[in-house]
1. Provide the percentage of antiparallel DSSP beta bridges, counting only those with both residues in the chain; round to the nearest 5.
2. Beta carbons within 10 angstrom, averaged per residue: use that to sort the peptides 77-89, 51-63, highest first.
3. Using the scaling law 2.2 N^0.38 Å as the reference, what is the normalised Cα Rg of the chain?
4. Can you figure out the FRET efficiency of Asp21 with Ser47, using R₀ = 22 Å and their beta-carbon distance, to the nearest 0.05?
5. Modelling each spin label as a point 7 Å along the Cα-to-Cβ direction, I'd like the Leu61/Ala31 distance in nm, to one decimal.
6. Step through the residues of region 31-42 one at a time and calculate ³J(HN,Hα) from phi using the Karplus curve (6.51 cos²θ - 1.76 cosθ + 1.60, θ = phi - 60°), rounding each to whole Hz and writing x for Gly and Pro.
7. Can you work out the Karplus-derived ³J(HN,Hα) for every residue in region 63-78? Use 6.51 cos²θ - 1.76 cosθ + 1.60 with θ = phi - 60°, whole Hz, and x for glycine or proline.
8. Would you calculate a helix-derived [θ] at 222 nm for the chain, using -39,500 (n - 2.57) for each DSSP H run of n ≥ 4 and dividing by the full residue count, to the nearest 500?
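Bear in mind that the values in this text are calculations on the coordinates, not laboratory data. Note that the structure is predicted; figures quoted are calculated from it, not measured. So basically every Cβ, Gly included, is an ideal-geometry build from the backbone, and we count neighbours across all protein chains shown.
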Amino acid sequence: MSVTIEQVAAVDVARVTGSIDGKTAPGVGTALQPLLDGTRNIVIDLSDVDYVSSAGLRLLLVAYRKVQATSRRIVLAGVSVNIMQVMSHTGFLPFFVLVPDAAAALIALAEAPS
């Protein structure tokens, strides 16, 4: 698992690679913490994530709540069909805006009001 972060325009983009499970979720959370404590909207690019466990879902929900509490937005990019199904079955899907890739996420954030 790895997380790379870059700022694109006024948005923080975090690209996660690997699985987000009980072992890796704490590391992903630590990597995302500066973004969650920041002031910009966030894109989490999951294009290279092959598996998300309940610990990973919890991490995404905590990120969503923290960003929402500060009137910012979070968009998930590149969510696989399998992960999307898990999010749907667990009731997590309605919380997030999902787009095909990071470029679409940047467009979605630029078009929608904050």
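1. Numbers: 7 of 23 bridges.
In the chain, approximately 30 percent of DSSP beta bridges are antiparallel ones.
2. On the way: 77-89: 16.2, 51-63: 18.4.
Top of the packing list down: 51-63, 77-89.
3. On the way: Rg = 12.6 Å, N = 114, 2.2 N^0.38 = 13.3 Å.
Expressed relative to 2.2 N^0.38 Å, the Cα Rg reads 0.95.
4. Details: r = 18 Å, r/R0 = 0.80.
So the FRET efficiency works out to roughly 0.80.
5. 2.3 nm
6. Values, residue by residue: 5, 7, 3, x, 5, 5, 7, x, 10, 9, 5, 10 Hz.
7. Each residue of region 63-78 in turn: 4, 4, 5, 5, 5, 4, 5, 10, 6, 9, 10, 10, 10, 9, 10, x Hz.
8. Details: 4 runs with 47 residues, N = 114.
It comes out at -12500 deg cm²/dmol, rounded to the nearest 500.
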